[in-house]
1. Given the residues Ala453, Ala425, which is the only one that is open to solvent by 20 Å² or more (accessible area, probe 1.4 Å), modelled with pLDDT under 95 and over 29 Å from Trp517 (Cβ atoms)?
2. Let me confirm something: among Ala345, Ala391, Ala410, which residue is of a type outside the set (S, T, N, Q) and outside any helix (DSSP H, G or I)?
3. Report the residue count in region 156-181 for those that are at pLDDT 70 or above, more than 34 Å from the chain's Cα centre (by Cα) and hydrophobic (A, V, I, L, M, F, W, C).
4. Quick one: what pairs do we get from region 94-112, first residue outside any helix (DSSP H, G or I), second among the aromatic types (Phe, Trp, Tyr) and open to solvent by less than 10 Å² (accessible area, probe 1.4 Å), C-beta under 9 Å, 6+ apart or different chains?
5. Asn506: part of a loop (DSSP other than H, G, I, E, B) and touching a Leu at 6+ places or on another chain (Cβ under 8 Å), yes or no?
6. Checking the conditions here, which among Leu107, Leu114, Leu154 is over 26 Å from Leu297 (Cα atoms), buried (at least 21 other Cβ atoms within 10 Å of the Cβ) and either touching a helix residue (DSSP H, G or I) at 6+ places or on another chain (Cβ under 6 Å) or not aromatic (Phe, Trp, Tyr) (or both)?
7. Has region 437-450 got any residue that is surrounded by fewer than 17 Cβ atoms within 10 Å (Cβ to Cβ) and free of Cβ contacts under 8 Å to residues at least 12 places away in the same chain?
8. Going through region 472-501 one residue at a time, which ones are without any contact (Cβ under 8 Å) to a residue 40 or more places away in the chain and of a type in the set (Gly, Ala, Ser)?
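The values are calculated or read from the model by the stated rules, or taken from the named source; none is laboratory data. These numbers were taken from a predicted model, which means no experiment stands behind them. Don't worry about glycine lacking a Cβ; one is built from the backbone with ideal geometry, like all the others, and counts go over all protein chains shown. Side chains included, ligands, DNA and RNA excluded: accessible areas come from the protein's heavy atoms. Shrake-Rupley method; radii C 1.70, N 1.55, O 1.52, S 1.80 Å.
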Amino acid sequence: MPNNHESVRRSDAPAAWVLALGMVLMLVAFASCAVLSWSHIQEAPVVGCGGGVELGGSAAQVAGSGCDRAKDSVWSALPVVGWPTAHIGMAWFAAMAQCWTIGRGRLVGPARWLGLLGGLGSLFLIGVMVVEGYLCRWCAFAHGANLAFLALALLKGGRKGPQIPAVMLGMTLTFAGVTSVLLLAELLLSPTVEDVVPASEFKIRPEANTTPPNGPDTAGSSPLIRSAPLQGRWRLGPEDAAIRLVMFTDPQCPDCKRVHGELEAILEGRDDISVEVKFFLFCKDCNERAAQQNLNLHPNACWGATVAELAGEYGGPEAFHRMLGWLFSVDGKFTSAAALRPGFAKAGVTEYATDIVRAISTGTLPPDKKKLFEADAREGVDLGLYYTPMAFLNGQEVKDVLRPGALRRAVDAISATGPGKGTSANDFPSTALGRLVSDWQEGPRPNLGPDLACLRFGPETAKPVVVIGDMAEDGFRRDVPRLLEAADAGRIQLEVRLLPTNQAVNPASGFPQLDRWAWGGQATIRIGQLRQDGDMDGAKKLFRDLLMASQPMTVLQGFVQSRPDLLGRPESSVLDEVANTHRQWSALRRFNVRGLPVLILNTRLAARTQIKMSDNSSADALSEILKMIDQ
């Protein structure tokens, strides 16, 4: 007697090419997610996604790619637990491939609905990229392959497959297996960057003070510590609190939204925290630095902050924080008075809605709010702020606040020390200069390995300093003369690794191709030729002459005219050295290095050594770091 079930399965079986194509599409999606997952595990920029120029950057910088923006977005990880979306994608596509294989080219039973759910997820995340204005190539590959797979399954795949329990069991086990492997990878392969600095090196950020720093030996006497306390507005929680949080935020900032959610969860379980807020708004309407750099990333932020301030004025701190929470829930966007009604209701200021709407309906920001936000922004700049949110607990910055769960870990760490009660009037954080120096003190110790193509200056027994950069680039010409002076004085051993930005010499360069930097490539070749000829003294002399010259192109042309024998010689060996140095630089991207020059001072990476203050002066950390290296 014929088996009717087997007959149905055979008649419904799709062609072999359908099964094969479906597997290929799932492999593409899986591999694309694997690239993004590896970036999460290594805490490094995403490879193979390109880059550009950072807005407002003054030195050679490679901006984060669309993939980096996707990885850093609020949609890149599950809330609270912080599990990356890319990890979920890897496990999901592996499970769907298993289902497709067991079903012999079919999505059967619940798997069909799960496939449709995955397709909706892909459409949503594609929409996020469109709305936020970036292209993540690996995301696009993954979502495109997923949607093509779903179309194939619906149009060409069979419906009546065998062994529905086996299919679902296989999917479940595969998803759990891949997730377990990724969990082990996170535990075993994530880079270990030193977060705890030995007490002998930790000279910047003090424990929370309980008295104003007015003595000659207190924090206020140091250029690295503010002489004025950091205080916010709209205090939530006890006036005298053991844990005091001051937060710079922006109602249109996705990271601020996520951290605000973490803060709300923390406050539900504690009554020993006070919270105060200031605004740093990436909007030209009320932030002078944003206007100077033509940054208008959050065009409605000033208006959102104004609404929150007015809610606080009418309803008190609770109303301010409730309104701010509502603004985060709508991404800080509203286009009419009617759109604000849910916010007024949540903040409990509905009876004052007419007054608040009238205040923001003139077409220009209220002058007092504009002045307030500009003052907040200037204070943020002088604290070294260049992203939001920026959080301070008892006067100490939570530097990894962008990492999911970091705020809670910082609160728990301070709570474990048993801090005494106080107010924010007693908390004195680092200045921007102090922040740059402490960033170096707490920075990673990258292992670059030896470089036979470098130039060394100073005694071998001195503290090591490594510079990677283009000698034509602005930051290199600003910093290296001082380092060379310190090396000549025997204070450091300076090792220079030349990395030209000019793509004619360094084809892998993603840096800006500025005409005034073009000569750096030819300078690298001529210095390399001298060094390879064994004339190290000549190579160092040419380097010094070009570095100190006000017209380096003229000096370089004069040198070439005096050494015509160097022209026409094969340059491939020098170009190979440049490519090797570029690979060294690329390896540093795991530490969020994006620009030039790179300074590694006494084995620690100095991510930034200068920052422009609100009065347009510069906070110069290099001099302070060199003093510390001398000690």
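1. It is Ala425.
2. Details: Ala345 fails: outside any helix (DSSP H, G or I); Ala410 fails: outside any helix (DSSP H, G or I).
Answer to the check: Ala391.
3. 6
4. Within 9 Å, the pairs are Arg106/Trp100; Leu107/Trp100.
5. yes
6. Going through Leu107, Leu114, Leu154 in turn, the sole match is Leu107.
7. Yes, there is a match, as at least one residue in region 437-450 is surrounded by fewer than 17 Cβ atoms within 10 Å (Cβ to Cβ) and free of Cβ contacts under 8 Å to residues at least 12 places away in the same chain.
8. Ala487, Ala489, Gly490
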